[in-house]
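Chemist: Can you read through this structure? Questions will come right after.
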Amino acid sequence: MSHSFGELTRLSTDLHREGFAFDSLPDGPPEGERWSTWDGAQHGPKPRPDWVVTELGAVDLDLGVLKTGKEADVHVVHRWVPGRPDRDVLMAAKRFRSGDHRLFHRDAGYLEGRRVRKSRESRAMARRTDYGKQLISAQWAFAEFEALGQLWALDLPVPYPVQMDGTELLMEFIGGEEGAAPRLAQTRPEPELLADLFEQLRETMTTLALHGWTHGDLSAYNVLLDDERLVLIDWPQIVDVIGNPSGQDFLQRDCRTMCAWFSSRGLAVDGDELFSDLMAVAVSRW
């Protein structure tokens, strides 16, 4: 069951009014289900958006699953400061699966070109031992957090990364009063908007290429349409186009996949032409 932004907020308010104060748990919060995890977590880049709640007296409440995926589940988390209606926000909480539950069949290609400091860790990751899988899971979480911070700093259309605590990544909730923004795949934009959305995509991918990156798993299912603005999500596998031996292949696949979707909606665009343009940009930085 899905809920709108307003419904989720009202549900959270009702829940913490109806019994989330536990006299038997003197160290627990007076409302919500846990104290804010801001303290002790890694934080997103500055300057932070005004809506980020950093007060140590804030509390969190999990409102349920927003999206289920192979590598992680995304929940909606309500964070607020009791008694401060102006300090209240919904966030998306991406929780990466453990090494025992995640699928690793795609990891090898994405991890090429990345480095870890210790040779023991490198061997464990290469052999997919239990320890190695745990390392990979943590690396994927950190990779997405770090990527979002860098991309946000470049003013690219990505969710702001609020914090990372273990393998939980809290980030900006993309949507409005009516609920979460839909995936691009679920939409049918009018021709004029469709052309504008493709130019937004081209501009974003060009900036990425200028810095030597591509998304690595780009499709209409991990692009959100927030009103008339594209927002790209799911960045743990971000690829170094030059440093990764398969980088050009990933970039070409991203281009072909996205252009195929736009073509299916009636906009005549060519994936290989876009790939050539972006490769020229990527190579020019060297």
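The values are calculated or read from the model by the stated rules, or taken from the named source; none is laboratory data. Treat the numbers as computed from the prediction; the structure is a model and nothing was measured. Here the Cβ positions follow ideal geometry from the backbone for every residue, glycine too, while neighbour counts run over all protein chains shown. SASA here: full protein model, heavy atoms, side chains in, ligands and nucleic acids out. Shrake-Rupley method; radii C 1.70, N 1.55, O 1.52, S 1.80 Å.
Chemist: Within the range 38-56, can you find the residues that are open to solvent by less than 40 Å² (accessible area, probe 1.4 Å), among the small types (Gly, Ala, Ser) and over 18 Å from Ala147 (Cα atoms)?
Modeler: Hits for the range 38-56: nothing passes.
Chemist: Checking Leu169 against (1) of a type outside the set (Ser, Thr, Tyr); (2) closer than 29 Å to Val89 by Cα; (3) open to solvent by 10 Å² or more (accessible area, probe 1.4 Å); (4) within 17 Å of the chain's Cα centre (by Cα), only one condition comes out false. Which one?
Modeler: The single condition Leu169 does not satisfy is (3).
Listed here are the residues, each with its yes/no results for (1) touching a Lys or Arg at 6+ places or on another chain (Cβ under 7 Å); (2) acidic (Asp, Glu); (3) open to solvent by 60 Å² or more (accessible area, probe 1.4 Å); (4) modelled with pLDDT under 85.
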site: Asp60; (1), (2), (3), (4): yes, yes, no, no
site: Gly69; (1), (2), (3), (4): no, no, no, yes
site: Val74; (1), (2), (3), (4): yes, no, no, no
site: Val81; (1), (2), (3), (4): yes, no, no, no
site: Asp86; (1), (2), (3), (4): no, yes, yes, no
site: Asp107; (1), (2), (3), (4): no, yes, no, yes
site: Arg117; (1), (2), (3), (4): no, no, yes, yes
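Chemist: Has the range 198-218 got at least one residue that is in contact (Cβ under 8 Å) with a residue 60 or more places away in the chain, open to solvent by 20 Å² or more (accessible area, probe 1.4 Å) and either more than 19 Å from Leu274 (Cα to Cα) or in contact with a Gly (Cβ under 8 Å, 6 or more places away or on another chain) (or both)?
Modeler: no
Chemist: May I ask you to list pairs of residues, at least six apart or on different chains, whose Cβ atoms are under 9 Å apart, with the first in the range 142-157 being among the acidic types (Asp, Glu) and the second being surrounded by fewer than 19 Cβ atoms within 10 Å (Cβ to Cβ)?
Modeler: Asp155/Thr207
Chemist: Counting only residues that are under 16 Å from the mean Cα position of the chain (by Cα) and acidic (Asp, Glu), how many does the range 201-220 have?
Modeler: Selection size over the range 201-220: 1.
Chemist: Which of the residues belonging to the range 172-185 are without any contact (Cβ under 8 Å) to a residue 60 or more places away in the chain and open to solvent by less than 20 Å² (accessible area, probe 1.4 Å)?
Modeler: Across the range 172-185, the qualifying residue is only Ala181.
Chemist: Related question: For the range 55-86, name all the residues that are under 21 Å from Ala141 (Cβ atoms) and not in a strand (DSSP E or B).
Modeler: Gly69, Lys70, Glu71
Chemist: Restricting attention to the range 240-276, and to residues there that are of a type in the set (Asp, Glu) and more than 26 Å from the chain's Cα centre (by Cα), which single residue is most open to solvent (accessible area, probe 1.4 Å)?
Modeler: Glu273
Chemist: Can I ask one more? Please give the number of the condition Gly32 fails out of (1) open to solvent by 30 Å² or more (accessible area, probe 1.4 Å); (2) in contact (Cβ under 8 Å) with a residue 40 or more places away in the chain.
Modeler: (1)
Chemist: Here is a follow-up. What is the number of the single condition among (1) farther than 17 Å from Phe275 by Cβ; (2) in a loop (DSSP other than H, G, I, E, B); (3) among the β-branched types (Val, Ile, Thr) that Ile242 does not meet?
Modeler: Of the numbered conditions (1) farther than 17 Å from Phe275 by Cβ; (2) in a loop (DSSP other than H, G, I, E, B); (3) among the β-branched types (Val, Ile, Thr), the odd one out for Ile242 is (1).
Chemist: Ok, one more. What do you reckon, is Glu33 modelled with pLDDT under 90 and under 27 Å from Glu178 (Cα atoms)?
Modeler: It is true that Glu33 is modelled with pLDDT under 90 and under 27 Å from Glu178 (Cα atoms).
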